[in-house]
1. Run the accessible area of the chain with a 1.4 Å probe and give the carbon-and-sulfur part as a rounded percent.
2. Let me check something: with ligands and nucleic acids excluded, how do Ser185, Ser145 order by accessible area (1.4 Å probe), largest to smallest?
3. How far, in nm, would the chain grow between Arg68 and Thr164 when pulled straight, counting 0.36 nm per residue and subtracting the alpha carbon separation?
4. So which of Lys101/Lys128; Lys103/Lys301; Lys138/Lys204; Lys262/Lys301 end up more than 18 Å apart by C-alpha?
5. Return the calculated 222 nm mean residue ellipticity for the chain, to the nearest 500 deg cm²/dmol, obtained by summing -39500 (n - 2.57) across DSSP H runs with n ≥ 4 and dividing by the residue count.
6. What spacing in nm lies between the two simple spin-label points modelled at Lys205 and Tyr152, each 7 Å away from Cα in the Cβ direction?
7. Run the numbers on segment 1-155 and let me know its relative contact order in percent, using alpha-carbon pairs under 8 Å that are six or more apart.
8. Can you tell me the orientation of helix 12-24 relative to the chain, as the angle in degrees between its alpha-carbon axis and the longest Cα principal axis, to the nearest 10?
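The values are calculated or read from the model by the stated rules, or taken from the named source; none is laboratory data. Remember, it's a predicted structure, so these values are computed and weren't measured experimentally. When we count neighbours, we look across all protein chains shown, and the Cβ atoms used for this are built from the backbone with ideal geometry, even at glycine. The accessibility values were calculated without ligands, DNA or RNA, using every heavy atom of the protein model including side chains. Shrake-Rupley method; radii C 1.70, N 1.55, O 1.52, S 1.80 Å.
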Amino acid sequence: MASTATRPIVPPADLESFQAHLNRSTRILALLGAGLSASSGLPTFRGAGGLWRTHDAVQLATPSAFSRDPGLVWQFYSYRRHMALQAKPNPAHYALAELAKRKEGFMTLSQNVDGLSPRAGHPASTLKLLHGSLFDVKCSDFFCSYSETANYTDPIVPALQIPTDESDPTTTSALQARELDISDSNVLLPELAIRDLPRCPNCKKGLLRPGVVWFGEMLPTAVLNDIDRWITESNTIDLIIVIGTSARVYPAAGYVDLARSKGARVAVVNVDRDDEPASGMYQGDWFFEGDAAQIVPEILK
Ligand code: BV8
Ligand code: ZN
């Protein structure tokens, strides 16, 4: 029995057939989900039961949550900005960036907002961020078009500073004080006043909001048009690689069936063979079970 150290991460026969198809493919899509960044230490969207503290993350990621409690929604996003800035791209992010650089006709569709694919050097021209980015911000006032990209200020306003554990006797200076884990519902969350939240510098009226696509919001039109153009260029797709997504969110998940309707074979990389519909979608092509950070570099090399 091969020890885990020497046992191949991917069954050789699957690897060989996949790589043969990959090498002769000229039109390839990758659809990325939160599982790609799991090994970078970022919790997946539905991991931990999909909760952030006691809140359903899907419910927090909505315009109505923001208008009802902008302070709580900003604490949710400020925490995720902070975590994503502490995280590093993992070997899967780099392997995809390398493939994008060397393979003509390859396009990445990412549902992730964590900024790790751009940080891994993925060419922006073939990386389509379907759900925006934690590091874009824009004005929430309907009549104001102010927006910013690449805003890495952490925290974005002082009031969103993550509280530290002053009671910790081991700390000798304020700098060393341990940050509290505000995703833990047992940790008290500071009450925020609206006046302390990020305000639009343009209209000075609207609150700034995270530049992500919330549930019930349209995906960015420019991104959708780019993808449509890429698909209609040749109207055939040879392969779609579906990495670390539960494929529950639409219209992103719809690209798998669309690719199949254009002739694509489907490869799924997922740690959980039973996570419907992720596993259900591959229908006999390739299912590579395990951690994306280990599998993706292996199958793309
Ligand atoms: C819209 C940004 C309409 C915010 C996100 C049909 C058609 C159109 C819409 C709908 C439809 N049916 C339902 C809808 C509504 C809705 C929707 O899809 N709801 C779901 C919950 C049913 N869709 C929308 O609202 C979309 N908008 O359609 O607008 C419209 C039309 C006209 C005019 C106005 C409006 C907008 C959806 C975008 C929502 N925003 N993100 C934020 O992040 O806070 S989506 C959010 O979920 C994240 O982006 C995340 O990426 C995404 C998907 O989740 P996953 O990435 O798959 O993560 P998850 O945790 O679920 O799964 C992780 C997977 O990885 C698991 O399978 C796990 O096994 C695996 N894994 C874990 N560890 C590893 C691993 N795999 C490998 N290695 C590991 N180590
Ligand atoms: Zn404004």
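1. C and S atoms contribute 54 percent here.
2. Descending order: Ser145, Ser185.
3. Fully extending the segment from Arg68 to Thr164 adds 31.9 nm.
4. With Cα atoms farther than 18 Å apart: Lys262/Lys301.
5. Value at 222 nm, helices only, nearest 500: -8500 deg cm²/dmol.
6. Reported label-point gap for Lys205 and Tyr152 is 3.4 nm.
7. 22 percent
8. So the inclination is approximately 90 degrees.
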